[in-house]
Every structure is written in C-alpha cells, then in structure tokens.
Amino acid sequence: MELFQRNAIIANKYIIQEKIGNGSFGTIYKGINQRTNEKVAIKTELIEQNTKLLKNESIIYQYLKDVKSIPNIKWYGKDSTHYYMVIPLLGESLEQYKTDCNPISLEVILQIGKQMLDLLETIHLKGLIHRDIKPDNFLFGLDSKLYLIDFGFCKSYLKDNAHISNKKTSRLIGSVNFASFHSHEHGELSRRDDLISLGYILYYLYYGDLDWSKINIHENYQENNKKVFSWKKNIVQKTNLINFLKNFLEYTYRLTFEEEPNYKFLKDIFVK
C-alpha cells in the first residue's frame, strides 16, 4: 500500500506520481515540478519513526553539491507526518541494467568499475564513507554516466581530523549481499569496506550471481551470518577467479582499517 495518493502535492510545486522503490529507509516516488515540468525523485520518511536519517542524508547531499555524479538536492522539508527530500530523477539502476543486458561484456564491466571507483575516491577524499555500496545505488543519468545515490548510512570516517577508531557495532551495516565481510563481524566500517563492496558488485556483474545470495541470513542469523562471512572471506581463494577480480579483492582485503587505499593502483588493474 502506498503512502500517498497519485497527484499529491508537496512544497506547493512537486506532484507525486508513482512509487518507484524503497531506499535504506523510507519510500521513493517519481514526481514532477508542476512549474517547470522537471522530473524528480521524491524520498519520504515518516516523522514518527524518529530516525531522522533523511535529514542526515539531505545534509550530506548539500555537502556534496559540487561533486560530479552526485545528484543536487532540490528541496528538503516536512509536513505534519513526513520528511521529504527531492532530487533530479535519474535513469535505470545498475541492477536493472544487469537484468536487461546480462551477460555484460568484460570491457563494459571494467568501464563501469572505473566509474564506480572514481566516485568512491571522490567521496572518500571528502572525508565520507558510503557504507551501502550496491548495484541499486548506482544509477545512470541522461549523460549515460553513473551517479551514486542513497546516503542514508553515510558517515564521516574522521573525527577531529583523526581517523575514527575500530570498534564493534550492534548490527550488520549495509545490504547483506554486498556488505563487506568486516560488517558480518559487526566491525566499524572504513574506506576499505566501500571498496570491498565494489569488488562484490564486479563479481556479481561478471559471474551473474553471488555464491551466498541464496542464503537467508535472517532465518537463523547466527549460523547463516557465519556462512555468508565464510563465503566472502574465502572468495579470493577460488581457483577460477578471473585475474582482475582476484587482484582487486586481494588488495582490498589486505587494507588495514585506517589505511588510505591506493586508488591509482586499483584503477591500473582495470586498465591492464
């Protein structure tokens, strides 16, 4: 059941047209600016949930407003029941692209991987980690370039100009299929984990599936979490793993918690 009726209006100008998905929290709708006819995406969050994640996300979008391939926020506000955030409407996600174009050639996967890596390097240089890197969060724009969205789990890895400490968290952070194996140990995440998640996306695009995707981690969390952790931890040992993926994953797996990744080295893997 959708939260809003078709043609509901927010901010006196944005018309909600149809539901197009769910984010890490809240619901996303396709909409249009009735004054300019610009197509937009409208993200909503119930105030009663008291998470204020959408507010945090809107602040991050504002902070990244001059960064290429990050959508510019159009409006953020609330009414008596919901918070709202409006951004430009983008095209299909990398997940949908995979469904439409499977199998994807190695050449295209390498081109896509390079774009994703550039995006991650950019936000890392801004002091942020995304923490929910997955195909659904990369969208193609009208210029055919990839855009990164959904900063609900994003946070700074710096505190008082120093790297945050590595401590235990209360739960797995991110999406089960693409979360770094460190997340399955309920460890604090850092730059390396965004890159490890990118490695899983590349594996997914090349092989068409993930070895652990059929395990329902929520059925028996303790046992199945260990199974998924083991699959991910040992993926670099696979004998048939294509070289570029083996090199990429081996490097990211060796990164220490606070270590600054060598992005040039990783880009060279794609080029070679």
For S80, are the conditions met, namely being without any contact (Cβ under 8 Å) to a residue 40 or more places away in the chain and not in a loop (DSSP other than H, G, I, E, B)? no
Scan the stretch 91-114 for residues that are buried (at least 18 other Cβ atoms within 10 Å of the Cβ) and either touching a strand residue (DSSP E or B) at 6+ places or on another chain (Cβ under 6 Å) or over 30 Å from L249 (Cβ atoms) (or both) and jot them down. S93, L94
Could you please tell me which pairs satisfy a Cβ distance under 7 Å, a separation of 6+ or placement on different chains, a first residue in the stretch 259-271 that is under 13 Å from D118 (Cβ atoms) and touching a residue at least 60 places away in the same chain (Cβ under 8 Å), and a second residue that is surrounded by fewer than 17 Cβ atoms within 10 Å (Cβ to Cβ) and of a type in the set (D, E, K, R)? K267/K114; F270/K114
Which residue out of Q34, Q62 is farther than 30 Å from K264 by Cβ and outside the structural domain of N243 (by TED's automatic domain parsing)? Q34
Do we have any residue at all in the stretch 134-150 that's on the phi > 0 side of the Ramachandran plot, surrounded by 19 or more Cβ atoms within 10 Å (Cβ to Cβ) and not in a strand (DSSP E or B)? yes
Is it the case, given these coordinates, that I70 is modelled with pLDDT of 95 or more, in a strand (DSSP E or B), touching a strand residue (DSSP E or B) at 6+ places or on another chain (Cβ under 7 Å) and of a type outside the set (S, T, N, Q)? no
Looking only at the stretch 25-56, count every residue that is within 22 Å of K13 (Cα to Cα) and outside any strand (DSSP E or B) and tell me the total. 9
E219 vs. criteria acidic (D, E) and modelled with pLDDT under 95: yes
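The values are calculated or read from the model by the stated rules, or taken from the named source; none is laboratory data. On a predicted model such as this, the values are computed, not experimentally measured, just so you know. In this analysis, Cβ positions are derived from the backbone assuming ideal geometry, glycine residues included, and neighbour counts consider all displayed protein chains.
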